[in-house]
Amino acid sequence: MPAPPPFEARLVSARTLGPSVRELTFERVDGQPAGFQPGQWFNAILPVGPGEPISRSYSIASEPDGSPRFALAVTHVRGGPASTWLHELTVGAALRFVGPFGFFTRPAVGGPPSLMIATGTGVTPLRSMVRAAVLAGSQAPMWILLGVRHEEDLLYRDEFDALAREHACVRFEPTLSQGSAAWTGRRGYVQTHVRELWEALRATGAGEPHAYVCGLERMVGSVRAMMKTELGAPRQQVHGERYD
Ligand SMILES: Cc1cc2nc3c(=O)[nH]c(=O)nc-3n(C[C@H](O)[C@H](O)[C@H](O)COP(=O)(O)OP(=O)(O)OC[C@H]3O[C@@H](n4cnc5c(N)ncnc54)[C@H](O)[C@@H]3O)c2cc1C
């Protein structure tokens, strides 16, 4: 299939989500709908220096709503040219994108019971999936297991807490690898909690669950291996997206 044509989008707002994460909301300059499925990503074409522009992929954090807008959440990687540039981008600036791309998707209507496992900004495509499903009135369980180091790194925490309060099908299960003494929630890497949540999700009787796993390769590879060898999950029920 031919690649979708590039388009220009303007940064219309930005906010800080955590110590190293900035959320950027763009709007297509041509007014066309952003047009993507929950879980997909865009390639940003970034004129970071005097040479050729560089291209980097970013998952879409917002849900498709028919508007020209879409949000990205970018972790600042120390010394990383693209993420540094995006953290300095000013509102009003325009840049080129190509996409959407990707098969890491979950239908908003009729999606399976899902254990969504992420570290850091890996939660962004899962946020898009959850918001889209809730807006579509889906009742299928969506349990989000989000791993970060510290409490302040928990992206979209208030929003996920509110979604969980308002929708019985949503559960938010944050875990901290370096939580302070005051933290009373889950601790350790996401891998520590996958078995318990997967088995509890199966026990709800809502149907055969799927896992959606997103983040850096080390975590995604390790969870995928665990799902296969320890939990016996069929390959087609385990979906992964790697950022590196
Ligand atoms: C399909 C896909 C979707 C992606 N979606 C996102 C997203 O929604 N948000 C986002 O911040 N990044 C995302 N990335 C990563 C992004 O494309 C860049 O790799 C990242 O911004 C670093 O680029 P850089 O030029 O700043 O640093 P580089 O010099 O290119 O990268 C340096 C190293 O940073 C590490 N790295 C990459 N991404 C992250 C991250 N998120 N957190 C910590 N370390 C990282 C990798 O080990 C990489 O090798 C995605 C990547 C892919 C392939």
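The values are calculated or read from the model by the stated rules, or taken from the named source; none is laboratory data. All values derive from a computational prediction rather than experimental measurement. With ideal geometry, Cβ positions are generated from the backbone for all residues, glycine too; neighbour counts draw on all protein chains shown. We work out accessible area using only protein heavy atoms, side chains counted, and drop any ligands, DNA or RNA first. Shrake-Rupley method; radii C 1.70, N 1.55, O 1.52, S 1.80 Å.
Could you check, for segment 216-225, whether at least one of its residues is under 16 Å from TRP143 (Cα atoms), assigned to a helix (DSSP H, G or I) and touching a residue at least 12 places away in the same chain (Cβ under 8 Å)? Explain how you work it out, then say what you get.
From segment 216-225, those under 16 Å from TRP143 (Cα atoms) are 223; that's our starting set.
Keeping just the survivors that are assigned to a helix (DSSP H, G or I) gives 223.
Now restrict to residues that are touching a residue at least 12 places away in the same chain (Cβ under 8 Å): 223.
Yes, because at least one residue in segment 216-225 is under 16 Å from TRP143 (Cα atoms), assigned to a helix (DSSP H, G or I) and touching a residue at least 12 places away in the same chain (Cβ under 8 Å).
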Here's a check for you: in segment 190-226, which residue that is over 24 Å from SER57 (Cβ atoms) and hydrophobic (A, V, I, L, M, F, W, C) is farthest from the chain's Cα centre (by Cα)? ALA203
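Just to verify a result, which residue in segment 191-202, among those that are touching an Asp or Glu at 6+ places or on another chain (Cβ under 9 Å) and closer than 22 Å to ARG149 by Cα, is surrounded by the fewest Cβ atoms within 10 Å (Cβ to Cβ)? Spell out the reasoning first.
First pass over segment 191-202, keeping only residues touching an Asp or Glu at 6+ places or on another chain (Cβ under 9 Å): 193-195, 197, 202.
If we keep only those that are closer than 22 Å to ARG149 by Cα too, we end up with 193-195, 197.
Working: HIS193: 18, VAL194: 21, ARG195: 13, LEU197: 21.
My answer is ARG195.
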Which one of these does GLY102 not meet: (1) without any contact (Cβ under 8 Å) to a residue 24 or more places away in the chain; (2) within 16 Å of the ligand (Cβ to nearest atom)? (1)
Given the conditions (1) away from the ligand (no atom under 14 Å from the Cβ); (2) part of a strand (DSSP E or B), report the number of the one that ALA73 does not fulfil. (1)
Picking from THR175, THR192, which residue would you name as being assigned by TED's automatic domain parsing to the domain that holds ALA140 and not in a strand (DSSP E or B)? THR192
Selection status of LEU115, surrounded by 14 or more Cβ atoms within 10 Å (Cβ to Cβ) and either part of a loop (DSSP other than H, G, I, E, B) or within 16 Å of the ligand (Cβ to nearest atom) (or both): no
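Just to be sure before I move on: is LEU216 open to solvent by less than 40 Å² (accessible area, probe 1.4 Å) and of a type outside the set (S, T, N, Q) in the structure I sent?
Numbers: open to solvent by less than 40 Å² (accessible area, probe 1.4 Å): no; of a type outside the set (S, T, N, Q): yes.
Taking the combined requirement at face value, the residue does not satisfy it.
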Test each condition in (1) surrounded by fewer than 19 Cβ atoms within 10 Å (Cβ to Cβ); (2) part of a helix (DSSP H, G or I) for GLY205 and report the one that comes out false. (2)
Specify which of the listed residues (ARG78, ARG131, ARG127) is open to solvent by 30 Å² or more (accessible area, probe 1.4 Å), touching a residue at least 40 places away in the same chain (Cβ under 8 Å) and either part of a loop (DSSP other than H, G, I, E, B) or not assigned by TED's automatic domain parsing to the domain that holds SER13 (or both). ARG131
Of (1) buried (at least 17 other Cβ atoms within 10 Å of the Cβ); (2) touching an Asp or Glu at 6+ places or on another chain (Cβ under 9 Å), ASP153 satisfies all except one. Which? (2)
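Give the number of residues within segment 76-98 that are more than 7 Å from the ligand (Cβ to nearest atom) and either charged (D, E, K, R) or under 20 Å from THR124 (Cα atoms) (or both). Write out each step before concluding.
Step one: of segment 76-98, the residues more than 7 Å from the ligand (Cβ to nearest atom) are 76, 78, 85-98.
Checking which are either charged (D, E, K, R) or under 20 Å from THR124 (Cα atoms) (or both) leaves us with 76, 78, 85-89, 96-98.
Result for segment 76-98: 10.
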